[in-house]
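What follows is a short report on a single structure.
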Amino acid sequence: MTIHKILGQTFYLLPERAIFWKETEHLIIADLHLGKAGHFRKSGIPVSDLVHSKDVYLLDRLIDKHKPRTVVFLGDLFHSEENQSWTQFRQWLKSKSATHFQLVLGNHDILPEQSYRLPNLEVLEQLELAPFTLTHIPEDTTQYNLAGHIHPAVRLSGKGRQSLRLPCFYFGSNNGILPAFGQFTGTARIPITKHDDVYAITEDSVVKVC
């Protein structure tokens, strides 16, 4: 865990690719992409649902460890049309009735409205939590914007020709971008300036690289 201070607030940057916001006790994750394996199988590409089971197990562990008042999904919670993965996830959400969940809708969150109707799940277009505005796709907002969607990554170079691309947390002057929480997702390198704060994520640590 690494601490990032921003606008008087304290973010715990977790190697599980999530943020725990200390002052408000919010756990924030982006781009879980549940159901993506089923979507690939429908296209004839054999991918096991175990990849999603591991993600939900990891989320369950984070909730047990940090005991957040609210879990915020920054969009793309579910990847496509309803399938068995969503049914199983609904049951898991019901089992977490003491935890409040908020979903900021992403471009892949296309399920019918009634599919999201659960007592502890609130669905929003964007979320205002001063001093931040939370969206799925990065936007120019009045408050500092926190978003996902990009699946940001940074390339680290060593001596010789060695290089390694790692998912990262990115904090620019007006926008912060979270890495994809889901393991079955790609990454995209993002442009970085000397004024940005970037934290690379390894298997068990978060390291500031600029």
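Observations, loosely collected:
- Helical mean residue ellipticity (222 nm; -39500 (n - 2.57) per DSSP H run of 4+; nearest 500) of the chain: -5500 deg cm²/dmol
- Whole-Hz couplings from phi, Karplus 6.51/-1.76/1.60, listed for the stretch 162-178; x for Gly and Pro: 5, 8, 9, 9, 10, x, 8, 8, 10, 10, x, 6, 10, 9, x, 10, 8
- Taking one quarter of the surface of the C-alpha convex hull of the stretch 77-158 gives a mean projected area of 8.0 nm².
- Dipole in debye (nearest 20) - the chain, about Cα centre, beta carbon charges: Lys, Arg +1; Asp, Glu -1: 780
- Largest mean-square fluctuation among Glu25, Glu128, Glu139, in a Gaussian network model of the chain whose springs join Cα atoms under 10 Å apart, belongs to Glu128.
- Close Lys pairs in the stretch 2-208 (alpha-carbon distance under 25 Å; sequence gap of 8 or more, or different chains): 25.
- Net lengthening on full extension, Arg155/Val56 (0.36 nm per residue, minus Cα-Cα): 32.9 nm
- Of all the options Ser157, Ser95, Ser115, the one that moves most in a Gaussian network model of the chain with Cα springs shorter than 10 angstrom is Ser157.
- Label point distance in nm, Leu124-Ser97, each placed 7 Å from Cα along Cα→Cβ: 2.5
- Convex hull of Cα atoms in the chain, direction-averaged projection (nm²): 12.3
- Under a 5 Å amide H cut-off, with hydrogens placed 1.01 Å from N, Phe78 pairs with His33, Leu34 among residues at least 5 apart or on other chains.
Throughout, read-outs are computed from the coordinates displayed, never taken from laboratory work. Keep in mind that this is a model prediction, so the values were computed, not measured. Every residue, glycine among them, receives a Cβ derived from its backbone with ideal geometry; neighbour counts consider all protein chains shown.
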